[in-house]
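Working notes, structure below.
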Amino acid sequence: MLPSQPNQPIRSRLEQILHPNHPLCRDDVVWVLELIKKRVAEEDPALLDLPQPRLLKNFQYFAETAMMLIHRRPVYDQELDRIRIWMREACYGLTDPS
């Protein structure tokens, strides 16, 4: 289930997950976190080009999202937008914005 396809399917799936009308589920959040983990482990050149303050911000939002899953808090509709923002920030620089 971890993305190993070319970038276009990954970008499409990520855009779908982050779209406000997409019914966000736990599997979607895990997929995004796995994508980030994989890209960091592979030392993705896109991440290496980011300045350190931006990398710290990415990590902060990655951690916020992961901690939300760990604590298994009930997620309410108004929190879904916040989770999407966290995931978008955590993915910053990993995908081509075009």
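FYI, it's all coordinate maths here, none of it is from the lab. As the structure is a prediction and not an experimental result, all values here were calculated from the model. Ideal geometry is used to build each Cβ from the backbone, glycine not excepted, and the neighbour counts take in all protein chains shown.
For region 56-67, just list the computed ³J(HN,Hα) in residue order, Karplus coefficients 6.51, -1.76 and 1.60, θ = phi - 60°, integers in Hz, with x standing in for Gly and Pro.
Karplus-based 3J(HN,Hα) across region 56-67 equals 5, 5, 4, 5, 4, 6, 4, 5, 4, 5, 5, 5 Hz.
Based on other C-beta atoms within 10 Å, arrange Arg88, Arg72, Arg39 from fewest to most.
On the way: Arg88 14, Arg72 8, Arg39 19.
Starting with the residue having the fewest Cβ neighbours, the order is Arg72, Arg88, Arg39.
Does region 24-90 come out rounded, prolate or oblate by the C-alpha gyration tensor, with a ≥ b ≥ c the root eigenvalues, rounded set by a/c under 1.5 and, if not, prolate when a/b is larger than b/c and oblate if not?
Working: a/c = 2.45, a/b = 1.83, b/c = 1.34.
Taking the square roots of the gyration eigenvalues as a ≥ b ≥ c, region 24-90 is prolate.
Less than 13 Å Cβ to Cβ from Tyr61, Lys/Arg counted +1 and Asp/Glu -1: what total charge do the surrounding residues give? The partial results should precede the final answer.
Details: positive: Arg54, Lys57, Arg82, Arg84, Arg88; negative: Glu64, Glu89.
Here the charged neighbours net out to +3.
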